[in-house]
Amino acid sequence: MCLDTAQSLRAVYFQSHYRTSHRTISVNSLLQIVQNTYHKKVILSFHEDSHKSHHLYSFLHVDEDGNYNICLMSEMTNCWNRFALCKELFHVILDEESTRNPSIKDHLQDYRAALTDSEASGRDSSKSEILTEYAAMQYLFPYAKRLVSLEEIDTRVSAGEARKVVFLDVAEKLMVPRLMVEDYLGTELMDLFDAISWIEKSDGR
């Protein structure tokens, strides 16, 4: 469902918000879509603390009036700002009461345990972190485009270019963090999306 939602929002973006001046898919446009189409009140702010001092890049708080307050940590690159905002917007879109955790500390501990402990499946809030990340990356770097990128990377590396340099080039063109590009072009995640027959559902724009 989260991938279908991301793909639907890409379609809305290219139908109503895309401009030839857009170098990459616009996260600001996604914010407009969330506000106008989903009728969600989203308040965006930047935390005074640097992301370097914490174990997170952003967080979302829903206040008593039902407003969604997205806070991005300071001193992040534009690529990380785009990814973090995109991910939090998908938290807004996919929000359910069961996926909320009022304690950031408890949430981070549970999320880490779910990733590192085979006995811990994680709460719904931790599972939501993974799903919103999948959705954000499908919006920013769709699976079909990843397939094309892998072919480009293999060709350039075979021609003698350093793999790290090629990955960085791809990330800069997409304005997506290189770490996320490498992760989502890795065998594990490529096989995961291939296994759920995502090829025919994705687009390569």
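The values are calculated or read from the model by the stated rules, or taken from the named source; none is laboratory data. The structure presented is a predicted model; accordingly, all values stated were derived computationally and were not measured. We place every Cβ from the backbone using ideal geometry, glycine too, and count neighbours over all the protein chains shown.
Points worth noting:
- Filter result for Tyr38 (outside the structural domain of Arg205 (by TED's automatic domain parsing), of a type in the set (Phe, Trp, Tyr), closer than 25 Å to Glu172 by Cβ and surrounded by 13 or more Cβ atoms within 10 Å (Cβ to Cβ)): no
- Residues that are more than 14 Å from Arg205 (Cβ to Cβ) and either outside the structural domain of Asp95 (by TED's automatic domain parsing) or of a type in the set (A, V, I, L, M, F, W, C) (or both), drawn from segment 1-33: Met1, Cys2, Leu3, Val27, Leu30, Leu31, Ile33
- Among residues of segment 164-184 being part of a helix (DSSP H, G or I), in contact (Cβ under 8 Å) with a residue 12 or more places away in the chain and of a type in the set (A, V, I, L, M), the one that is farthest from Leu3 (Cα to Cα) is Val166.
- Pairs where the first residue, in segment 152-163, is of a type in the set (Val, Ile, Thr) and the second is surrounded by 12 or more Cβ atoms within 10 Å (Cβ to Cβ), C-beta under 8 Å, 6+ apart: Ile153/Arg163; Ile153/Val166; Ile153/Phe167; Ile153/Val170; Ile153/Leu185; Val157/Arg163; Val157/Val166
- Residues satisfying the stated conditions in segment 129-178, i.e. at positive phi and not small (Gly, Ala, Ser): Met175
- Evaluated against (1) modelled with pLDDT under 95; (2) part of a loop (DSSP other than H, G, I, E, B), Glu200 falls short on exactly one condition, (2).
- For segment 15-33, the set of residues classified as surrounded by 14 or more Cβ atoms within 10 Å (Cβ to Cβ) and closer than 19 Å to Phe141 by Cα consists of His17, Tyr18, Thr24, Ile25, Ser26, Val27, Ser29, Leu30, Leu31, Ile33, listed by residue number.
- Asp117 more than 21 Å from Leu30 (Cα to Cα), modelled with pLDDT under 95 and among the acidic types (Asp, Glu): yes
- Hits in segment 24-76 - residues which are of a type in the set (Phe, Trp, Tyr) and part of a loop (DSSP other than H, G, I, E, B): Tyr38, Tyr57
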